[in-house]
Amino acid sequence: MPELPEVEVTRRGVAPHLEGRTVTGVTLRHTGLRWPFPEGLAQMLHGRRILKTGRRGKYLLIMFDHGTLIVHLGMSGHLRILQVGEPPQKHDHFDLLVGDQVMRMTDPRRFGAVLWHAHDEGAVDEHILLRGLGVEPLEDAFSALLLYRQTRKRSAPIKQVLLSGDIVVGVGNIYASESLFKAGINPKTPAHRIGMARYEKLTIAIRETLAAAIEKGGSTLRDFMAADGQPGYFQQTYFVYDRTGQPCRNCGVEIRQLKQGQRSTFYCPNCQK
Ligand SMILES: [Zn+2]
C-alpha cells in the first residue's frame with residue numbers, strides 16, 4: 001500500500017510535468033474508483049491551468065484557480081507520466097492530458113479516488129476527507145510537545161495512536177514500526193504512559209524515517225515513473241518491518257510480530273521497552 005513517502009515521491013515526480021501546464025483533456029475509462037468520478041470533470045478541467053501541486057497526508061492535490069483535484073492512490077494506485085498516444089492497459093482508469101503528455105492513473109483494486117473540491121466550497125483543508133487529519137510529520141507543527149499533550153488521556157497502545165492519523169498523519173504501518181524501534185519504545189506501551197523525553201526521541205525517529213524513505217524514493221524516481229516501470233513501490237531496508245524471526249540489526253535478538261487492530265506490528269523485545 002502506498003504510504004506518505006510514496007505519495008510525496010509521486011508528487012515530486014508528476015509536479016514538473018503538471019505545474020504551469022494547461023489541461024487539454026480528461027479520459028475516464030471506468031465510472032469511478034472507490035467513489036464515482038466527479039460529474040462533468042472533463043468539461044470542468046479542460047483549458048484550465050494547473051497552478052501547483054501539493055499533498056496532505058496521503059492525498060495528492062492538483063490545484064487550479066477554481067478548485068483542487070484530490071487524488072488518492074488507495075491500496076494499489078500508481079501515477080505515471082507518459083507521452084500522449086501510449087495505449088492504455090487494463091487497469092488504467094484515469095488520464096489527465098497536458099499537451100503532449102499524460103498523467104495516467106493505474107489502480108487494479110480501485111480503492112483509490114479522484115475527487116473535486118471547488119474553490120467556492122472553501123479551503124481544500126476543509127474537505128470532508130481532509131478536515132480531521134492530524135499535522136504533517138515533516139512540518140514544524142509536529143513536535144514532541146504535541147504528541148505528549150494529545151496523548152495524556154489516551155490509553156491505547158502508541159502504535160495504534162500513531163496509525164489513527166488524528167494527531168499526526170502519514171505514519172502508516174511500516175513507518176510506525178520502524179520509528180518505534182528507532183526510538184526504543186515498545187509498540188504496546190499505552191500512549192499516556194510515555195513521557196516527554198521519549199516523545200522527543202519518537203518525533204525525531206518519525207521525521208528521520210519518513211525523510212529517509214522520501215530520499216530513497218527520490219533517488220529511484222526515474223524507474224518509479226517510467227512508462228515500463230512496474231506499478232510497485234521502492235524497496236527499502238527495514239530494521240523490524242516484515243522481519244519476524246530474523247535477528248535484530250542492533251542486538252541480534254529475534255524480531256517478534258504481534259497483531260494490533262488487525263495490523264501486524266514488528267518489534268525487538270530487547271531494544272524496545
Ligand atoms: Zn534489538
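Values in this text are rule-based calculations from the coordinates and carry no lab data. Nothing here was measured: the structure is a model prediction, and the numbers come from that model. Glycine also receives a Cβ, built like all others from the backbone with ideal geometry; neighbour counts cover every protein chain displayed.
Quick notes on this structure:
- Using equal-weight Cα scatterers in the Debye expression, the normalised intensity of region 43-90 in log10 at q = 0.19, 0.22, 0.27, 0.30 Å⁻¹ is -0.83, -1.00, -1.09, -1.10.
- Straight-line cross-link partners of Lys273 among the lysines, defined as a Cα under 27 Å from its Cα and at least 8 positions apart when in the same chain: Lys153, Lys159, Lys182, Lys188, Lys201, Lys259.
- Largest first, the three principal axis extents of the alpha carbons in the chain are 57, 39, 28 Å in whole numbers.
- The label-point distance for Glu200 and Glu121, in a model that sets each label 7 Å from Cα toward Cβ, rounds to 4.4 nm.
- Computed over every Cα-Cα pair of region 82-176 and binned at 5 Å starting from 0, the pair-distance distribution P(r) comes out as 2, 10, 14, 14, 14, 14, 13, 9, 5, 3, 1, 0 percent.
- Nearest 10 degrees, 0 to 90: helix 196-219 Cα axis against the chain principal axis: 40 degrees
- Between the alpha-carbon centres of region 34-78 and region 156-223 there is a gap of 28 Å.
- The chain: angle of helix 4-18 to the longest principal axis, Cα-based, in degrees nearest 10: 20 degrees
- Distance (nanometres) between label positions extended 7 Å along Cα→Cβ at Asp100 and Asn250: 5.2 nm
- 14 Å cut-off, amide nitrogen to a point 7 angstrom out along Leu28 Cα→Cβ, residues in region 113-130: 113-117
- Couplings 3J(HN,Hα) for region 112-118, derived from phi with the Karplus relation 6.51 cos²θ - 1.76 cosθ + 1.60 (θ = phi - 60°), are x, 8, 10, 10, 10, 10, 6 Hz, where x marks Gly and Pro.
- Percentage relative contact order, the chain, counting C-alpha pairs under 8 Å, at least six apart: 17 percent
- Unit charges on C-beta of K, R, D, E only; dipole of the chain, Debye: 1220 debye
- The H on the amide N of Phe111, modeled in the peptide plane, is under 5 Å from the matching H of Met75, Ser76, each at least 5 residues off or on a different chain.
- Calculated FRET value between Arg207 and Met1, using beta carbons and R₀ = 22 Å, to 0.05: 0.55
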